[in-house]
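Trainee: The following block contains the structure, expressed as structure tokens.
The values are calculated or read from the model by the stated rules, or taken from the named source; none is laboratory data. Only a predicted model underlies this, so the values are computations on that prediction, with no experimental measurement involved. Glycine gets a Cβ as well: all are built from the backbone with ideal geometry, and neighbour counts include every protein chain shown. Side chains are part of the model used for accessible areas, which takes the heavy atoms of the whole protein and leaves out ligands, DNA and RNA. Shrake-Rupley method; radii C 1.70, N 1.55, O 1.52, S 1.80 Å.
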Amino acid sequence: VDVFQAWCGPCKPVVNLFQKIRNEVGNNLLHFAVAEVGSIDALEKYRGQCEPVFLFYTGGELVAVVRGADAPLLQKTILEQL
């Protein structure tokens, strides 16, 4: 989940990375979503941050968090979680 602030929007440069990985591993294993922190109470602790935050869930449980648009770290985290 790409967690973003309304004033800066979702992290568009990372979308290509997610699409590339999704094509490599298959559509059923990886799902990408965006969430604006101001509209979801459960994301309140991420409000006011100026960097993108990526939350990784498996079976409804938060399993990893990556702060910032670090493409190599995001790719590593995705592949480790898969």
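Trainee: Taking the stretch 33-67 as the region of interest, how many residues are farther than 13 Å from residue 81 by Cβ and either touching a residue at least 12 places away in the same chain (Cβ under 8 Å) or not hydrophobic (A, V, I, L, M, F, W, C) (or both)?
Mentor: Of the residues in that region, 21 qualify.
Trainee: A follow-up question, please. Residue check: is residue 30 within 12 Å of the chain's Cα centre (by Cα), at pLDDT 85 or above and of a type in the set (A, V, I, L, M, F, W, C)? Before the answer, list the steps.
Mentor: Values: within 12 Å of the chain's Cα centre (by Cα): yes; at pLDDT 85 or above: no; of a type in the set (A, V, I, L, M, F, W, C): yes.
No, not satisfied.
Trainee: So, in the stretch 40-51, of the ones that are over 15 Å from residue 66 (Cβ atoms) and modelled with pLDDT under 85, which residue ends up most open to solvent (accessible area, probe 1.4 Å)?
Mentor: Looking at residues that are over 15 Å from residue 66 (Cβ atoms) and modelled with pLDDT under 85, I get 50.
Trainee: Moving on. Cβ-Cβ distance below 7 Å, separation of 6 or more or different chains: which pairs start in the stretch 1-19 with a residue that is under 19 Å from residue 44 (Cα atoms) and small (Gly, Ala, Ser) and end on one that is part of a helix (DSSP H, G or I) and modelled with pLDDT under 75?
Mentor: As it stands, the answer is none, since no pair meets every condition given.
Trainee: Select from the stretch 41-78 the residues that are aromatic (Phe, Trp, Tyr) and over 12 Å from the mean Cα position of the chain (by Cα) and list them in ascending order. Steps first, answer last, please.
Mentor: Filtering the stretch 41-78 for residues aromatic (Phe, Trp, Tyr) gives 46, 54, 56-57.
If the condition is that a residue be aromatic (Phe, Trp, Tyr) and over 12 Å from the mean Cα position of the chain (by Cα), then 46 is the only one that fits.
Trainee: Another one. Would you pick out the residues in the stretch 52-67 that are surrounded by 13 or more Cβ atoms within 10 Å (Cβ to Cβ) and outside any strand (DSSP E or B)?
Mentor: 52
Trainee: Counting only residues that are open to solvent by 20 Å² or more (accessible area, probe 1.4 Å) and of a type in the set (S, T, N, Q), how many does the stretch 68-82 have?
Mentor: Going through the stretch 68-82 one residue at a time, the tally reaches 2.
Trainee: Let me ask something additional. Would you tally the residues in the stretch 1-10 being closer than 14 Å to residue 78 by Cβ and modelled with pLDDT under 85? Break it down into steps so the answer makes sense when it comes.
Mentor: Restricting attention to the stretch 1-10, the residues satisfying the condition of being closer than 14 Å to residue 78 by Cβ are 1-2.
Next, from what is left, pick out any that are modelled with pLDDT under 85: 2.
Final tally of qualifying residues: 1.
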